[in-house]
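What follows is a short report on a single structure.
Coordinate-derived values only; no laboratory data. Small disclaimer: the values here were computed from a predicted structure and weren't measured. Cβ placement follows ideal geometry from the backbone for every residue including glycine, while neighbour counts extend to all protein chains displayed.
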Amino acid sequence: MSAEEEKQFIEEVEDKAQEDDLADLVLIFKNPYTDPDKGLLCQLNSWMKEKEAKHFYRVIFKLHDKETEIPLFQRIEKEIDPLIEGCAKDGWVNLRDIGSSIIQNVFKVLQDHLKLEIQLFYSRDRDEIFCRVICSETNLMVQADLIDYPLQFKKRILDLQDFKQVSPYGPFEKTESSLELYKRYDEMEMEISDSKGTLFQYKDKERIVYSIINSSVDLANLQAEGLLTNVLALHRKKQLDYFVQTWALNKNPFKRQDVDRLRVYFGEKIAMYFAWIEFLTAFLAPFAIISIILGIIFYAFEDEDDEDDSLTGGEVTIVILAFMLPILSTFYDQFWLREQSKLAWRWGTTEIEALNEQRPQFRGEFKKDEITGRMKKVAPASHWTTTRKAIGFSVLALFVTLVLSCVIVLFVYRSTLDQRSWKVTAVGVGNAIQIKIFNLIYARVAQQLNDWENYETYNDYNDGLTLKLFLFQFVNCYSSLFYIAFCKGNFEGCVDEDCIYELTKQLESIFITNFCLNLVEIYLPLLTTKYKNWSEEKRVKKLREKDPSYRINLTPAESQAKLSKYDTPLSDYMEIIMAYGYVILFGASFPFSLALLFFLIFIEIKVDAWKMCTLTQRPYPQRSNSIGVWLQIIQVISFIGAGTNMAIIIFTTDAFEIEDTKNKWLIFLILEHSLIILKIILNVLIPDIPTIVTKGLMWSKVQVDEKLYGKISDVDKCRRLKNLDFEDPPNSQKVKTDFKSIPFSTE
């Protein structure tokens, strides 16, 4: 781009900041221009080979390996080679030299080809270009029809049959007859009867606009090279104020969350997380009371002598919990299975596998898929996929080794201390802090490994990352407890030959430390945002000394861009499930554990609600029909818990006073296998999906076929309308049908 063209573009992209920000999406680009006299320095400074630069430019506009008949793209295609060859130095090209051309062409594609309304303005320190994107209702309908985007039908009939309580969801069809089928919404995204309302809630608009842009511009590659820094969904002030007052700051502890409103605003994946955490809290409430009672009994009889070989009060509580926790966990995961199937039915995401979107970051060759007939990225088959996963698990093994080394060092030091001193508790706190630090470090490493492994869909990507993190954190969080419960007595010995005391102290330390570290979850994003604003304000003051035209105030879009990102609730799931694992695996040794878990989760709901409303950007509204692989993780923990709890009462506490080791193992195997069989029986007896959901889904399919596609489900009605009557076979002779006329043999 010439200096004159560059100057003209900068004049066009003036400060168009508006207080009322109603964009469907905001794209934030790094400013590719440089003006040293005004303190404006280009943030792009990466090099690539000339051939790679040409390929990258074509990939951005999806011009590789295909012919285009669109004049705009033909012009872009012709510009690429001369531009890059003119910028090349010794066969290398700097991104800043072609960045302005790429970004300007992106704006032209959005506006001229995709017919999106765009508004451009600089950030206040002019190091970024903000592009507000607004899509008309008509264009939203066009794209929704192209991608078969599902929308919910109006509820036309009042029927007492419970399986008809959820209106069907059907793929959008842009025809006059079909438009009357779908719900319409007001500015607060509530359903209205007025036909002038919009067909799309904000979550729908964001998904559809994102789909429109990605049909012609590869946003993932723009982000990978640093040209695009963020794709931002904006908070809506009225709706956000509603959530702050009724959810984040709500002082009534017994008021249920409105998960349906959460789903509309944040998307199904995040709403499913909050529904799950609320369900767990409600499920635990009565058992938390039982836990407090058992805890009082446990500590009241802690020093009781067992002179007549009978169970002490403390041992009774341990035995009760050891049998209760595995059964409790089975009931929980089965009841949640039923609840999440109801939510998926209500939200129209039951068949989400068919809607599972391809990740923009997925690396592959852009071409027409032979199966679906649509343009998409297709990864070439390669042995590198297996190799990359093997390397990922090797890195996991390395971190596990480091964790075990730290645990060994801590416990070697602990063995030198007086087991009744405060230093033992300090070691427990140190172990909890070590767990948090390693979790944070490995989370970054796992993210990089997962990106490298190149998963195609969001579900596959999230499941891969979840398994990496869980396998590591399982070892990191529970290794010290396994050691105290089942190994320490044999290698080091325990206080008064009772390892249950040390196991209890370790669990106490971990729970208390986790309560304290929850504050970090609030203050870290807050401090990060404040630091970003302070740094930028300091920079703007210096820039204004050279050029008074620099703006002081932030626009709403800029303010929200400074907030921390919140892509998925993965870390929140992990935090709760690891705490859940402490209880299910080792809770028998610490009777207050259920009560502490209840209060920990109750606080977590408030912390997460406040974080979502005030400290983080509005996340991309991902679809979901379940909590995903977390359910399998909960079930695995539940089955392992059957073994650990039986082992605690047989080997750690020796509550039954069994001296012979063979008898201990025999009793353990009998109890553990009996518990597992009982859990399997409960899994079979409690259906995963309620009957109402099964009937509702079948009825919905019939309604969609009838109202959207004109298919007739009533056989008799179909026969009359289409005149489908059976005819006599040709040259047939009627036979007598009375029983006496039927011959005994056909010979």
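Here are the numbers for the structure shown:
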quantity: Net dipole in debye of the chain [+1 Lys, Arg Cβ; -1 Asp, Glu Cβ; about Cα centre; nearest 20]; calculated: 1920
quantity: Residue 342 paired with residue 195, simple spin-label distance in nm, labels 7 Å along Cα-to-beta-carbon; calculated: 3.7
quantity: The range 16-234, relative contact order in percent, only Cα pairs under 8 angstrom and at least six apart counted; calculated: 31
quantity: Exposure proxy ranking, count of Cβ atoms within 10 Å, fewest first, for 660, 258; calculated: 660, 258
quantity: Across 51/562; 164/707; 237/269; 30/51; 49/532, pairs whose alpha-carbon gap is larger than 25 Å; calculated: 51/562; 49/532
quantity: Fraction in percent of alpha-carbon pairs per bin - 10 Å, the range 232-297; calculated: 18, 40, 24, 12, 5, 0
quantity: For the range 610-747, fraction of C-alpha pairs farther apart than 19 Å, in %; calculated: 79
quantity: Simple spin-label estimate for residue 726 and residue 663 in nanometres, 7 Å along Cα-Cβ; calculated: 7.5
quantity: Dimensions (Å) - the chain, Cα atoms, principal axes, largest first; calculated: 107, 96, 54
quantity: Dipole of the range 16-234 [Lys/Arg +1, Asp/Glu -1 at C-beta], most positive-end residue of 73, 59, 223; calculated: 59
quantity: Residue order, fewest to most beta carbons within 10 Å, for 616, 330, 387; calculated: 387, 616, 330
quantity: Intensity falloff of the range 180-244 expressed as log10 I(q)/I(0), Debye formula with alpha-carbon point scatterers, at q = 0.19, 0.21, 0.26 Å⁻¹; calculated: -0.85, -0.92, -1.10
quantity: For the range 66-214, alpha-carbon Rg over 2.2 N^0.38 Å; calculated: 1.47
quantity: Along each principal axis, Cα extent of the range 564-640, largest first, Å; calculated: 41, 24, 17
quantity: Residue 606/residue 447 FRET efficiency (R0 35 Å; Cβ-Cβ; nearest 0.05); calculated: 0.80
quantity: Qualifying lysines (Cα of each under 20 Å from Cα of residue 664; at least 8 residues distant if same chain); calculated: 488
quantity: Fewest-first ranking of 211, 101, using other Cβ atoms within 10 Å as the exposure measure; calculated: 211, 101
quantity: Cross-link pairs 174/606; 54/538; 203/251 - those with Cα-Cα distance over 30 Å; calculated: 174/606; 54/538
quantity: Nearby lysines by direct alpha-carbon distance to residue 734 (threshold 28 angstrom, same-chain neighbours under 8 apart not counted); calculated: 722
quantity: Point-to-point label distance, residue 187-residue 680, nm (Cα→Cβ direction, 7 Å offset); calculated: 6.1
quantity: Förster-model FRET efficiency, 56 Å R0, residue 534 and residue 292, C-beta, rounded to 0.05; calculated: 0.80
quantity: For the range 241-254, Karplus couplings with θ = phi - 60° (6.51, -1.76, 1.60), whole Hz, Gly/Pro x; calculated: 4, 4, 5, 4, 6, 9, 10, 5, 9, 5, 8, 7, x, 9
quantity: Share antiparallel - DSSP beta bridges, the chain, percent rounded to 5; calculated: 95
quantity: The chain, relative contact order [Cα under 8 Å, separation at least 6], %; calculated: 19
quantity: Along principal axes, Cα extents of the range 410-482, largest first, whole Å; calculated: 55, 19, 15
